[in-house]
Amino acid sequence: MGHWTVNQAGKSIVLIGMMGAGKSSVGRCLQRRTQFALLDTDEIVASKFGLSIPEIFSKYGEQVFREAETQALREMAPDKQTIIVTGGGIVLCEDNLDFLKRLGVVVWLDSKEETLFERVARSGNRPLLQRGNPREVFAQILQARLPLYAKVANIRVDTSVLTDEEIAVAILSKLGKLGRNWRPGSPIPATAR
Ligand code: S3P
């Protein structure tokens, strides 16, 4: 995406959305296409603890994970355009909404609830779904988060029927329409939404 690179110096692409939305794999596609750097809050937290995300949850609990996640986001200050992949719960901390917006264009990868759940159930490594009835827990978590994703996102992409590569192309095409004067935190023109 030459236009984006040339016109939008210093602005990152921030991927948000529920578990199973495809943030990590779309992030890798975007990275390949743009040659931007890639940062992932889950990876930063996991490497800080030297543990996997499920291990952090079981050893220290969700609260400790959330604090580390917020700190990872707060400390992000990329000096070049970066693809930033976030954990699905990043929006739970109110302060994070501002941190996300400050970093660049916030892109919400959304999908049908059933599709999201199927993807997550297949992978089996989401500690939040290890209690009660996972399907019901998932529905509750999603309902609580939808307004938060909607509030912070500049752009929403429905990923239900698209491949990761198609999603990356859709995102870059929307970003190409932003224009050179757009700044993080500003409204997105209707043509780019
Ligand atoms: C979480 C999502 C996970 C990870 C952790 C908590 C959540 O990341 O941060 O298991 O609360 O939705 P993904 O969104 O990449 O699955």
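Data table
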{"read-out": "Residue among Phe138, Phe117 that is under 17 Å from the mean Cα position of the chain (by Cα) and of a type in the set (Phe, Trp, Tyr)", "value": "Phe117"}
{"read-out": "The listed residue being among the hydrophobic types (A, V, I, L, M, F, W, C) and either modelled with pLDDT under 95 or surrounded by fewer than 18 Cβ atoms within 10 Å (Cβ to Cβ) (or both), out of Val85, Val26, Val64, Val14", "value": "Val64"}
{"read-out": "Residue within region 75-93 that is in a helix (DSSP H, G or I), of a type in the set (S, T, N, Q) and more than 14 Å from the chain's Cα centre (by Cα) present", "value": "no"}
{"read-out": "Candidate set: region 18-63, residues that are more than 11 Å from the ligand (Cβ to nearest atom) and of a type in the set (S, T, N, Q); chosen: the one nearest to Val91 (Cα to Cα)", "value": "Gln63"}
{"read-out": "Of all residues making up region 155-172, the number that are surrounded by 19 or more Cβ atoms within 10 Å (Cβ to Cβ) and within 17 Å of Glu114 (Cα to Cα)", "value": "2"}
{"read-out": "Enumeration of residues in region 144-193 that are part of a loop (DSSP other than H, G, I, E, B), at pLDDT 80 or above and within 27 Å of Cys93 (Cα to Cα)", "value": "Ala153, Asn154, Thr159, Ser160"}
{"read-out": "Hey, Ser58 farther than 15 Å from Ile84 by Cα and in a helix (DSSP H, G or I) or not", "value": "yes"}
{"read-out": "Residues of region 99-156 satisfying the condition of being hydrophobic (A, V, I, L, M, F, W, C), farther than 12 Å from Met18 by Cβ and free of Cβ contacts under 8 Å to residues at least 24 places away in the same chain", "value": "Ala121, Val137"}
{"read-out": "Subset tally (residues that are among the hydrophobic types (A, V, I, L, M, F, W, C) and within 20 Å of the chain's Cα centre (by Cα)) for region 41-55", "value": "4"}
{"read-out": "Verdict on Gln35 being touching a Ser or Thr at 6+ places or on another chain (Cβ under 9 Å), under 17 Å from Gly176 (Cα atoms) and surrounded by fewer than 18 Cβ atoms within 10 Å (Cβ to Cβ)", "value": "yes"}
{"read-out": "Hits in region 67-82 (condition: away from the ligand (no atom under 14 Å from the Cβ) and either buried (at least 18 other Cβ atoms within 10 Å of the Cβ) or more than 19 Å from Leu148 (Cα to Cα) (or both))", "value": "Glu75, Met76, Ala77, Pro78, Asp79, Lys80, Gln81, Thr82"}
{"read-out": "The listed residue being closer than 17 Å to Ile13 by Cβ and surrounded by fewer than 22 Cβ atoms within 10 Å (Cβ to Cβ), out of Glu43, Glu55, Glu113", "value": "Glu43"}
{"read-out": "Tally of residues being out of contact with any helix residue (DSSP H, G or I) (no Cβ under 7 Å at 6 or more places or on another chain), under 17 Å from Met18 (Cα atoms) and free of Cβ contacts under 8 Å to residues at least 24 places away in the same chain across region 51-97", "value": "1"}
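The values are calculated or read from the model by the stated rules, or taken from the named source; none is laboratory data. Not measured: the values here are computed from a predicted model. Virtual Cβ from ideal backbone geometry, glycine too; neighbours counted across all protein chains shown.
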